[in-house]
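J.: One structure follows; several queries about it will come next.
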Amino acid sequence: MKKVLSLMWTLSICFLMAGTVNAKEEVQYIAVHFGDPANAEVIDKEAFSAIKFYIAESELVAYSEEQKLIGNPTYLEGWYGSVPEKMGFCANYRGEYSKSKGFPYAKGVVFVLDKNGTVAYQLPPQRFNPDNYSDLYDAIYNDIKSTARKMSRGKEAKVLKEKKREYIKSSPVGELETTKGADIDKKGEGITGWPVPAIDLKDENGNAVNLKDITDGKVTVLVFYTLNGAKWLRGDTDGNIISEKQGEKLMPHTKYAEQKGEEFDKKAGEGDLGGMLGMAAKEKFSSVDAMTSIRKGEELSDREKAAAYKRFVQHLEMVQGIAE
């Protein structure tokens, strides 16, 4: 009898210990819109039910420059402003991009934080494109998911020594950085190993909160995104500003599809076969490069607004998939 009781006691202790070892921290999913808060109003939150949304009210500049035949641009292309500069995804944080080309973090950035608020993972600045889409997307998706899983099981990020935590942008906040002599983040490390910076935010009810506070004690997958909430500056080959335009509000692609569906149904009801065929052909064969129009400061069509929206929510769609 004593042996049976002893065995039962041992098994109970083992089960308790196993439960403690395997206990998982809950992962929270947060999205922060940076730039003009008015542009964030169009977000289709129902499509991202696992994500809690916040706003960082801050000025945002997006700079691009006409390409020279030979030589580097005058200024680094990319995001400028307090949020991208604090979070390590402004124009200087370029990774594999050289000084001569590329807009790093064009679609924003994704981080994974451990429960102490230390950055365990930062999305690399490479863009998904038709040539690398499936391979790079899958690799990044899996990196985010596996890092969040490790952090939820008690693993903690390696903290970078304070003396090594230095922002590399040397010009004042929001001002353009010349390529000559500019420091760049060649390895694409960003702020991995840093405590998450304190950034003032507004929650969905307009209440003031701080990024440090809402991530403290919680494993967090954190997305910074913008829905064209920037002032777009375009420079000539010498860096002289030739166009300046505040980004227009975009249109969710679902709303655009509904709008076109209603238009198609109307033509069908009117018996306008030519109009129906024309719409179908246009949707099938015309291509949209909304970012070219945005960078040139041109007015956007509804189709371009929908295409740009789809582009800017790509990381939100990725994180929603991970959360599910």
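The values are calculated or read from the model by the stated rules, or taken from the named source; none is laboratory data. Predicted model, so just to flag it, every value in this text is computed and none were measured. Glycine gets a Cβ as well: all are built from the backbone with ideal geometry, and neighbour counts include every protein chain shown. The accessibility values were calculated without ligands, DNA or RNA, using every heavy atom of the protein model including side chains. Shrake-Rupley method; radii C 1.70, N 1.55, O 1.52, S 1.80 Å.
J.: Could you pull the accessible area for ILE191 with a 1.4 Å probe, rounded to 10 Å²?
T.: Accessible surface of ILE191 is approximately 0 Å².
J.: Taking only protein heavy atoms into account and a 1.4 Å probe, give the accessible area per residue of segment 23-167 in Å².
T.: Each residue of segment 23-167 exposes 48 Å² on average to a 1.4 Å probe.
J.: Leaving out ligands, DNA and RNA but keeping every protein chain, what accessible area does ASP236 have, in Å² rounded to the nearest 10, with a 1.4 Å probe?
T.: 40 Å²
J.: By the gyration tensor of its Cα atoms, with a ≥ b ≥ c the square roots of the eigenvalues, what is the shape of segment 95-206: rounded for a/c under 1.5, prolate for a/b over b/c, or oblate?
T.: Taking the square roots of the gyration eigenvalues as a ≥ b ≥ c, segment 95-206 is oblate.
J.: Is segment 168-228 best put as rounded, prolate or oblate by its Cα gyration tensor, with a ≥ b ≥ c the root eigenvalues, rounded for a/c under 1.5, and otherwise prolate when a/b is larger than b/c, oblate when not?
T.: prolate
J.: Accessible area, 1.4 Å probe, largest first: how do SER134, SER49, SER152 sort?
T.: SER49, SER134, SER152
J.: May I ask you to give the percent of accessible area on segment 115-213 that is carbon plus sulfur, with a probe radius of 1.4 Å?
T.: Taking all protein chains in place, segment 115-213 shows 45 percent carbon and sulfur surface.
J.: Which of the trypsin sites (Lys or Arg not before Pro) found in segment 161-255 are loop residues per DSSP with 15 or fewer other Cβ atoms within 10 Å of their Cβ?
T.: Those satisfying the criteria are LYS161, ARG165, LYS180, LYS186, LYS187.
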